[in-house]
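No value in this document is a laboratory result; all are computed from the given coordinates. Values in this document were obtained by computation on a predicted structure and should not be read as measured data. Every residue, glycine as well, gets a Cβ built from its backbone with ideal geometry; the counts of neighbours run over all protein chains shown.
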Amino acid sequence: MQTGEIVQRAIDFIEDHLTEPLALEEIAGVAAMSLPNLYRLFHSITGHPVKEYIRKRRISEAASCLRNTDLPTMDIGYRCGFESYPAFMKTFKRCTGLTPGAYRKSRLVYSFERMNLSERIAFNSERDASERFPEVRVTRLLPWKGVGCLFAAEHEKGIETAAIEHFRALLSLHHIDIHELRLFGWNVDLEDESKPFGYQLLAVDVKERTWMMKHPELKAIVLDGGLYAVVRTPSVAEDCIQNTWNRLFSEWLPRSVFEQGKHGFMEEYVLNNNQIVRMKLYLPVERSKLMGKIEIVELSTLKAIAFRRKGADCVEQADEASIAWLSRNGFRGDPHIRVFMRCDDALLEESSAYEVYVVPPEEFLPSLEDKGVLVELEGGTYACLESGAYGTMTGVLHRMYRWLDASSEFMPDPERLWYAGYDLEGASDDGMIQAKCYVPVKIKQPDIRMEGAHEQMACRKGAAGRVSTV
């Protein structure tokens, strides 16, 4: 039996007897290991000493009771396994910074979730990715069964909150408290023209209760699980969530040893008083089959129609403008049209600029309006890396510049701009678009001073050689 399975035995026993007195010797016996091994293995596998894990789990259960019930704090302490009220008070304040009474009145949420080691995978990723993004964890989710509800809306903005409120109301009809469930959601495209935006919610009951569901909107759902990169959002504000997705997809993924998986994106919600107080983002990943090779290529100059937009919504605005142009000129859906992109600021803040370039066919005659935005994508020597179309391509660029820093032959050319080209014709069956990122380069010039020093050394060696042969 593997070490993780042995420690999981200990965790399962702790969880089954969390509200009872727990002897460490008994936990070790159930896991079939000595007490010293329990201390050592539990800490090394979970990152928490076994006693600390028990305390944090009890405090987490107590915090949930304080927020969701009217039970006296003393009763909650005893119900959650503490031997005395002073011990409960002291431990609760150490973990949360508040007394139980103050916590009940505050907006703070303390949560320490039960561990399932079968969902935790440690990978030897590139050091750069793990050091820059310590908050990102790669996790394998097991298949889950739950109850779901598909919510349809006319507009995409605010669909998640509306869907959760609707789902909560449906579950309450069956006397089910949504706060006791793990809640996941993901976007779904609908064919309904009046309500084209859908959001699928899935509630997973970790206590494995069975429900008699008679409402037509509630459906049994099986989540297949799979490998995910998971990160918690700093806040639940819409712009913060979007920035976290962009950082995960555009920056972390290209630097890691993973590529985008074929299973779906997900979000997990933690609710308090029917408000979203915490979120986790789940990016589907799989081990990269081929780490992209950087090549040096020669590109011709291209004439393109440019769509440049600035500000926080520059990506959406530039995309919409380019799509509208393609539609007006009958090019929309034409796989032979070449599309490129570049942006000034990968964080896409208020001062950011984002550009989409559309290269029309050679026989295309631009209108007067088109001539005003006609530009040239400069040719020349470029470093090229093929990858998935990872948003603003920040992580891809980082990898390329790092490669150039180590190159003895090439260096970035600051006189020209980078850009990325999309292979719309070569999109995979699951809709994943490939891209090629082009960074302008030039041949490194030898350091004149070093070259002179090398020549002097060569002369001295030659003179020394002549002297020695006499």
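A few notes on this one:
- Phi angles across the stretch 40-46 convert, under the Karplus curve 6.51 cos²θ - 1.76 cosθ + 1.60 with θ = phi - 60°, into 3J(HN,Hα) values of 5, 5, 4, 5, 5, 7, 8 Hz, Gly and Pro given as x.
- Net charge of Cβ neighbours under 9 Å - reference Cys95; Lys, Arg +1; Asp, Glu -1: +4
- Highest average first, the peptides 415-423, 273-281 ordered by how many other beta carbon atoms sit within 10 Å of their residues are 415-423, 273-281.
- The listed peptides 222-230, 331-339, ordered by packing as a protection proxy, come out as 222-230, 331-339 (highest mean of other Cβ atoms within 10 Å first).
- Exceeding the 26 Å Cα-Cα cut-off - candidates Lys303/Lys436; Lys157/Lys280; Lys56/Lys219; Lys310/Lys371: Lys56/Lys219
- ³J(HN,Hα), Karplus 6.51/-1.76/1.60, whole Hz, each residue of the stretch 78-91, x for Gly, Pro: 5, 5, 8, x, 8, 6, 8, 5, x, 5, 4, 4, 5, 5
- Asp370 sits among other residues whose Cβ lies under 12 Å from its own Cβ, and their net charge, with Lys and Arg +1 and Asp and Glu -1, is +2.
- Peptide packing: for 295-304, 360-369, 244-253, the average count of neighbouring Cβ atoms within 10 Å per residue gives the ranking 244-253, 295-304, 360-369, highest mean first.
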